[in-house]
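The values are calculated or read from the model by the stated rules, or taken from the named source; none is laboratory data. Remember, predicted model here, so these are calculated numbers, not experimental data. Ideal geometry is used to build each Cβ from the backbone, glycine not excepted, and the neighbour counts take in all protein chains shown. Ligands, DNA and RNA are stripped out before the accessible areas are found, and what is left, the full protein with its side chains, is counted by its heavy atoms. Shrake-Rupley method; radii C 1.70, N 1.55, O 1.52, S 1.80 Å.
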Amino acid sequence: MAAKSAVARSLALNHGAAYGEAFADVYDRWYHQVTDSEATAEFVARRSPSGLVIELGVGTGRLARPLVDRGLTVVGIDTSGPMLDGCPSSVLRIRADMTLLPLVPTRGTGALQATALCGFNTVFNLHTAEAQISLFQQLAPLADTVIVETLKAELLADAPARSTGVGHILPDGVVVSSTVGQRADQRLIGRHLEILDGGVRVRPWMLRWVTVDQLDAMAARADYLCCERWGSWTEEAFEARSRASISVYRRTESR
Ligand SMILES: C[S@@+](CC[C@H](N)C(=O)[O-])C[C@H]1O[C@@H](n2cnc3c(N)ncnc32)[C@H](O)[C@@H]1O
């Protein structure tokens, strides 16, 4: 019972904009090199013939900046005001929930041919299967190509039920990370405890991981078919030892 109410509290804490509330002030310092943003931009640019990219969960623009540098128009969607505040104005920033996109193609112009990017596990920031399915359904009228990057689900599924360890060492403190794995619900619930001379700050987070087969099934419900799958943004093969997956979905239905 106690464990269940802790999960419920974490769910509430992590819903929508809560990730940004918890991480916006440290995001660029802690995560600026978490994945290869230049290789991401190269990969996405080659698959964006219309020149228009919609980035879901754009955050502070870590992935959007190199896309703009390559001449692409980037619409950045994020629920978090504090994260969007760090995103440059060269990105067309829209504060919205990615499962309720406030974008519709102009009548008479047909469907948009944008490429949608959901990088760095951002789809795992949606905490129910319904929300993850809804993302693809929202994108269907807007994007003929959807590119999704996720950590391999098995790495998260095999996480111990409870663990604690040192996350980052900071010049003036340390970050201790405690994680609860809810395998049956495909969730990983964590707290980064940032311990500084001046006190402790708790930064909660939660992921709902899915396997690539589950991702494909969700995409298929919106008529997206996986056409490419890679193990990295530099197009290494996706194989058993890959830690990440890059999936490229294209709409199968003629519109
Ligand atoms: C892990 S960060 C990734 C930021 C950026 N794409 C990057 O790779 O650095 C996830 C982002 O998704 C945003 N986010 C989480 N849930 C969201 C939702 N339902 N709708 C829109 N954005 C959301 C968070 O505010 C956060 O900025």
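Numbers at a glance
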item: Environment charge at Asp25 (Cβ cut-off 13 Å; Lys +1, Arg +1, Asp -1, Glu -1); result: -1
item: Of all accessible heavy-atom area on the chain, the percent that carbon and sulfur account for (1.4 Å); result: 54 percent
item: Residue-normalised accessible area of the chain, given per residue in Å² at a 1.4 Å probe; result: 48 Å²
item: Cα centre as origin, Lys/Arg/Asp/Glu Cβ charges: the range 184-255 dipole, Debye; result: 260 debye
item: Value of relative contact order over the range 138-228, rounded to a whole percent, pairs C-alpha under 8 Å and six or more apart; result: 21 percent
item: Sparse-neighbour loop sites [trypsin sites (Lys or Arg not before Pro); the range 104-175; at most 11 other C-beta within 10 Å; DSSP]; result: Arg107
item: Unit charges at the beta carbon, dipole of the range 171-255: most positive-side option, Trp230, Val176, Thr252; result: Thr252
item: Within the range 66-124: Cβ-based charge dipole about Cα centre, in debye rounded to nearest 20 (Lys, Arg +1; Asp, Glu -1); result: 180 debye
item: Cα long-axis angle, helix 37-46 against the chain (0 to 90 degrees, to the nearest 10); result: 20 degrees
item: Three-way shape label, the range 11-129, alpha-carbon gyration tensor, a/c 1.5; result: oblate
item: Between helix 2-14 and the chain: long-axis angle, C-alpha atoms, 0 to 90°, nearest 10; result: 50 degrees
item: Tilt relative to the chain, helix 129-139 - C-alpha long axis, 0 to 90 degrees, to 10; result: 30 degrees
